[in-house]
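Here the structure comes first, spelled out in C-alpha cells, and everything after it is commentary.
The values are calculated or read from the model by the stated rules, or taken from the named source; none is laboratory data. The shown structure was predicted, so the numbers you read here are calculated from the model rather than taken from an experiment. Every residue, glycine among them, receives a Cβ derived from its backbone with ideal geometry; neighbour counts consider all protein chains shown. For accessibility, only protein heavy atoms count, side chains too; no ligands or nucleic acids. Shrake-Rupley method; radii C 1.70, N 1.55, O 1.52, S 1.80 Å.
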Amino acid sequence: MYVRVAVDTEGAAYLDSFTYEVPEALQSRVKIGACVLVPFGSTQTIGCIVALEDTPSVARTKAILAILDSPITLSDELVDLAGWISERFICGLSRCTHSILPGVVQCKVKGLVELVDDTALPSSPLAAALMNAGGSIPLDTLRSKRPELFRELKKFELAGGAVRRYELIPPQGKERRIAAAALSIPPEQVEKEACKLQSRAPRQAEVLRHIALYGTAPCARLVSDLSVSESVISGLVSKGLLKRTSLTERRTPAHTSVPSTSHYKLTEEQQAALNASIEGIDSRKHSVMLLHGVTASGKTEVYLRAIEHAAKQGRKSLVLLPEISLTTQVLNIFRGRFGSRVAVLHSMLSAGERFDEWARTENNEVDVVLGARSAVFAPIKNLGLVIIDEEHEPSYKQDSDPRYHGRDTALRRAEQNGALAILGSATPSIESYYRAKTGKYRLVVMRERIANRPLPSVYIADLREEYQKGHATIFSERLTEAIGDKLGKGQQVILFQNRRAYATFLLCRECGYTAGCPNCAVALKLHAAEHIMRCHHCDYEEAAPTLCPNCGSLKIGKFGIGTERIEEETKAAFPDARVLRMDRDTTARKGSHGQILDAFRKHDADILVGTQMIAKGLDFPGVTLVGVISADTSLNLPDFRAGERTFQLLSQVAGRAGRGTEPGEVIIQTFNPEHYAVVAAAAHNYESFYEQEIERRRETGYPPFSSMLNIVASDEIEANAQQRLDELVHDLEERSKKSEKTPIEVLGPVPAPVAKLRGRYRWHVLLRSPDRDALARAVRESLDALPSIRRGVTVDIDPASML
C-alpha cells in the first residue's frame, strides 16, 4: 500500500507531494487527510496524506514513519480544495494543506525510544540506559547527548529490544479538560442508594440524584449550582457511588448578543431577495447570486433569514466578512439570533478558542460559521449556503503563500457542495458586476434603505479653493461648521482617512532630507505620541529628529496627514468633544476592535477617527456626519483599480451616515472634484460609475477582459532579482512562440513600486492574457523548467495590489 503525502518543500517545488510506502502495521490507520511523519532528505517532517495508491508512481520509495494522533484531520472535501487552490493560484500543495489546517495543530513531533526487551542484546548499554530512564528516552536526547547509544539503536531495534514511537508535542491551543464527576453504579441503583443517604447525608443524596438525571457534570458547577462543598463529591467517590473523570470545556469568544430582529417585517425588496435566496437553497444546485443593496438596505436581515431556512433543512451556512472589526459586530447580531449555534473563526482568537471553534464545527455543534478570510477552510459538513459579505473588499486576497482569494475559494466550496453562494455589496467589484450583467450570476438589487430613510446628502469640498482662500488646514470651512453643528445637537461624527500615523514623511526644507527606512524603499512615518519614526512594512523605528540629521536645520517639517494627526487636531479644534481613534495602531490588542466600537455605539465618544476598518458594514444610528479628510489618498495609487477603490471607499464610508432616524450628511474633501469616481460616489450612482469604468477597462484590456499575474523577484543583490525575471520572461516568450493560441502580454521586468522591502531589492513583471487558465499553465511550466529561480520569486495571479 502506498500514499501520496504533501510535504512542505519551502517553495523549492510546486509539485510537492511525494509517494511513500505504508508499513503493514500502519495500514489500518491510513486515510486521506491524516497527518503523518515521513523521512524527507536527511530529516523528518510532518506531511498530509492527499491520495492512496495501490502501486507506486516512482521506482524507489521510503516508508512513512508514523501516523500522528492529531486532533484535527482534513476531510476529502478540504483535501480536494487544497488541490484546487494549488492549481488555481500556482502554489505548492503542502502550503495549501498547511494553511487549511489551523495553526494550532501544526505541531512539532517528539520521538521516543521505548524499551521492549532488555535481554534482546546481552550487556547492551542502550538497554541499561533505557531501564535507568524508566523505559524510554527522547530520540533527540539520544541523538545529541548519547551518540554512542544512538549508533546502537538500529541494531537493538532489529533484535526486538526497542521501538521508536512518535507523538505530537502538545500544541499551544488544545482541548481544555475540567474535573467532573460521573456515576460509578448502574442508573437503576441510584434511587436505592440515595434513599440510604437521605437521612444522614442529604446533600450527597441530592448530588447523586442530580448526576443520575443530568449526566456527568463538572465538579465546579455542582459546587456552585447545588451550593455544596467539594467534600460532598469526595464522600460519594469514597463510597464508590461516583467516580472522578473529566469533560471538555469549550472556550467561547467574547460577545454581546443583541436583540433578535426576526419579528421585523421585511421590505418588498428584502422579501424579494429572500425569496431568491430560498429558491437557490431549495434547488440544491450550485448557483451564485449577487445581492447589490445600497448601504442600510437590510442585507444582513436577508442573510439571517436565508441561514434560518437552510438550518431548517439541516444544512449549514458559511458567512465571510472582510474585517475582524466587522466580525465582532456581526457576531453579536448572529449570537442574538442563533445563540450557541454560531462558531467564529479569525486570527484574533486565542489558540485555544480557535481549537474549540474548529472542533465545534467539525462535530456538527453549530449551524453557521462566521469569520474572516481563513474561515473559508472551516470543516463544515452538509454546506447549503455560502455568504461573502462586502465581496468587493481586497482584504479577501491573501498576501502570502498560498495567495488565494477568499471570495473565489468560498465560491469553490459552494460548488463542491451544490450550495447557493450570495455575494453581497453596496459597491460590487467590477468583475462580479460584469458577470452578473452577462448572466453568469443572478443579480438582485435593493435600491432603498429600510424605513425609506434617505441616502445621505453629499457635498464635495474643493481643497484647491480652500488653499486659494488661505485656509490650509485639515478641515475645510464646510466640514468645520458641520462638525460643530452635529456636536451641538448631540449627534455623532466619523472622520475617515485611509492612512495611519501622524505624518507621511518628514522633509527638511533647507536641504531636502527625508527620513527613509534603511531596509525598505519608503519614507518613515511619524508617530508623534511615541516620538518615533516607524516603517509600516518592516517595523524598523528610530527616534523622531527635532533638527535635520543632514544639515542641522530647524526647518524639518511634517508632510502628509495620518489618523494620529487628525485625532490631535480634532481634539484641538473641538476641545469638548470625546474622540476615539481606530486604526492598526490602536487595535493591536485582542478585543480592542470590539471595545472601541462598543464605546462609540454607547455614545461614550462623539467623534470616531479611523482608517478603512471603519468604512464598511458598521451600523451606528447616532452618526449623522461623515467627513472624508482626503479622497485623493487612494485615487493617486499606481494601480488600475485606483478609481474603483476610491469609489468603493467613499460610498462605503458615506453609508455610515444617516442610518438612524436623523438624516445623514457627508463631506468629501479632494483636490480632484471632477474625477468620475468622486462624482459618482457623491451621487450614490453605482451604475454611472460602472459604465464609465467598464468602458475604460474594455479600452485598456484590464480585468474583467483579461487576467493578470504579478511575479516579484527579490534578492539582497539587485542584479540577481532582475536576472531571475529576465530568465523567466525569456522562457515564457519562447514558449509563447511555439504556441500562438494564447497571447500573453509581458510588461517588464522593472523595479517594483516598493523597490526595496525588508532589506531585499524587488523587481516585478506583469503578465496579461484573455485566457486565465492558459496564463497560469504557461507560468507553471516555466517555473517547473527553471527550478533554480523558484525560491526567489513570488507569483500572484489575480493580484489585489500591484505594490
In the chain, taking the dipole from +1 charges on Lys and Arg beta carbons and -1 charges on Asp and Glu beta carbons about the Cα centre, the listed residue (H764, V116, G314) farthest towards the positive end is V116
Per residue of segment 110-118, in order, report the coupling 6.51 cos²θ - 1.76 cosθ + 1.60 (Karplus, θ = phi - 60°) as ³J(HN,Hα) in whole Hz, putting x for Gly and Pro.
10, x, 10, 9, 10, 6, 10, 9, 6
What number comes out for the charge environment of A528, summing +1 per Lys or Arg and -1 per Asp or Glu over other residues with Cβ under 9 Å away?
-1
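For W358, W84, what's the largest-to-smallest order of accessible area, 1.4 Å probe?
Order by accessible area, largest first: W84, W358.
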Amide H of L65: which non-local residues (sequence gap of 5 or more, or other chain) have their own amide H closer than 5 Å, using H built in the peptide plane?
L37, V38
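Calculate the dipole size of the chain relative to its Cα centre from +1 charges on Lys and Arg beta carbons and -1 charges on Asp and Glu beta carbons; express the result in debye to the nearest 20.
Roughly 1740 debye, rounded to the nearest 20.
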Check which residues have an amide H placed less than 5 Å from I387's amide H, if you skip close sequence neighbours.
L318, V319, L320, I422
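First check a/c for segment 463-514, with a ≥ b ≥ c the square roots of the eigenvalues of its C-alpha gyration tensor; if it is under 1.5, answer rounded, and if not, answer prolate when a/b is larger than b/c or oblate otherwise.
Oblate shape, in that a/c is at least 1.5 and b/c is the bigger or equal ratio.
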With charges only on Cβ, +1 for K and R and -1 for D and E, what is the dipole size of segment 182-239 about its Cα centre, in debye, rounded to 20?
160
What does the net charge come to around K555 if you take all other residues with beta carbon closer than 10 Å to its beta carbon, with K and R at +1 and D and E at -1?
0
Any idea which of S229, I668, T563 is furthest toward the positive side of the dipole for the chain, if Lys and Arg beta-carbons carry +1 and Asp and Glu beta-carbons -1?
S229
For segment 518-528, what does the Karplus curve 6.51 cos²θ - 1.76 cosθ + 1.60, with θ = phi - 60°, yield as ³J(HN,Hα) per residue in whole Hz, taken in order and with x for Gly and Pro?
x, 9, 10, 7, 9, 7, 6, 9, 7, 10, 5
Under 5 Å between amide H atoms, partner at least 5 residues away or on a different chain: which partners does L345 have, H built in plane at 1.01 Å?
L370, G371, A372
Return, for the Cα atoms of the chain, the radius of gyration and Dmax in Å, separated by a comma.
30.9, 99
Add +1 for every Lys or Arg and -1 for every Asp or Glu among the other residues with Cβ under 9 Å from the Cβ of L226, and state the total.
0
What accessible area per residue comes out for segment 312-461, rounded to a whole number of Å², with a 1.4 Å probe?
31
Quick one: accessible area per residue over segment 593-704, 1.4 Å probe, rounded to a whole number of Å²?
32
Take the solvent-accessible surface of the protein heavy atoms, probe 1.4 Å, and return the percent of it on segment 530-582 that carbon and sulfur atoms account for.
49
Whole-angstrom Cα spans of segment 193-351 along principal axes, big to small:
70, 32, 29
Rounded Å value of the spacing that divides the Cα centres of segment 512-551 and segment 366-404:
37
Estimated dipole of segment 555-663 in Debye, rounded to 20 [Cβ of Lys and Arg +1, of Asp and Glu -1, Cα centre]:
260
